[in-house]
Amino acid sequence: MSTAEQAELRGAEAASVEGAGRTDLVPIFIMGKRYNVPSTLTIQKAFEFAGYQLIRGCGCRGGICGACATVYRMPGSAKIHVGLACQTIVKPNMYLAMVPFFPANRAVYDLEELKPDAQTLLKYYPELAKCMGCNTCTKSCPMDIPVMEYISAALRGEIEKAADLSFPCVMCGICASRCPAELGQYNIGIMTRRITGRHVKPRAEHLQDMIQRIESGRYEEPLKKLMTADMETLRKLYVEREMEPHTADEMWEPEIKQFL
Ligand code: SF4
Ligand code: SF4
Ligand code: FES
């Protein structure tokens, strides 16, 4: 840690103790500026506690949307850590910044025309061939996804395997921000999942059935009734609706089958 950093930390610690008489505050550094925040907050809430209004870089707040990619470093160490701001609890003296968007390459394609092979992926993402197998992407993924493995599978044309491995990806972009070969792994991953869904997996019959039922106009009348109902009727319908029991198994069906 440099002398300047040590001095700043000492100042931060002193300020934390003084902080409005609270003893639960810890110093953190958001984009280089020091703030004292409650030690139990997530990084996302710490930003807000510090006065930031999150318009970008904040979505679901539940670890699903991937909007809140964050990088941070601890004093005395060169290691860059990563995390989702809505899931990671602050650590005293962390230096951090959020990366709400990373400008990775994103191909435009017509899914209907794509083939489930390596040539297709290389046509839209030729940089795939530049992967040098450094594994930085896997080490930096906050979802613990074997990113390099799905990239290797994609390069070998094992589209379904790449789709399966990349399935939990929340598109946070951290892997791309760290990749020395400038791949946009998450955009390649979603392409393999789209190709798998459209051209590899069998068509879901129940989905086809449902589309046919919708197109047959079966739901037009009940929908019209709902849309023209007054508030009192809507309240009554809502309160009296048949609910799926918490203990229902996957074969459960409502007694009224009119809307199935
Ligand atoms: S970080 Fe980039 S170059 Fe390294 S293994 Fe991952 S995709 Fe390949
Ligand atoms: S694969 Fe990349 S974009 Fe997806 S969750 Fe992991 S780091 Fe984020
Ligand atoms: S806000 Fe959606 S993952 Fe953090």
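The values are calculated or read from the model by the stated rules, or taken from the named source; none is laboratory data. Predicted model, so just to flag it, every value in this text is computed and none were measured. Methodologically, a virtual Cβ is constructed for each residue, glycine included, from the backbone with ideal geometry; neighbour enumeration extends over all protein chains shown.
Could you look through the stretch 47-84, keep only residues that are under 12 Å from ILE30 (Cα atoms) and out of contact with any Phe, Trp or Tyr (no Cβ under 7 Å at 6 or more places or on another chain), and pick out the one that is nearest to ligand 3 (Cβ to nearest atom)?
By that ranking, first place goes to THR70.
Select from the stretch 136-168 the residues that are among the acidic types (Asp, Glu) and within 21 Å of THR70 (Cβ to Cβ) and list them in ascending order. Scanning the stretch 136-168 gives a single hit, ASP144.
One residue alone among SER140, SER152 is over 12 Å from the mean Cα position of the chain (by Cα) and within 8 Å of ligand 2 (Cβ to nearest atom), and that residue is SER140. Screening the stretch 205-244 for residues that are part of a helix (DSSP H, G or I) and of a type in the set (S, T, N, Q) and picking the one that is nearest to the chain's Cα centre (by Cα) gives GLN208. Annotation note: Cβ proximity below 6 Å between a residue of the stretch 76-92 that is not assigned by TED's automatic domain parsing to the domain that holds CYS175 and a residue that is within 16 Å of ligand 2 (Cβ to nearest atom) and assigned to a strand (DSSP E or B) (sequence gap 6+ or interchain) occurs for ILE80/VAL71; HIS81/TYR72; VAL82/VAL71; GLY83/THR70; ALA85/THR70; ALA85/MET98.
Of the residues making up the stretch 102-150, just one is among the acidic types (Asp, Glu) and either touching a strand residue (DSSP E or B) at 6+ places or on another chain (Cβ under 9 Å) or within 16 Å of ligand 3 (Cβ to nearest atom) (or both), namely ASP144.
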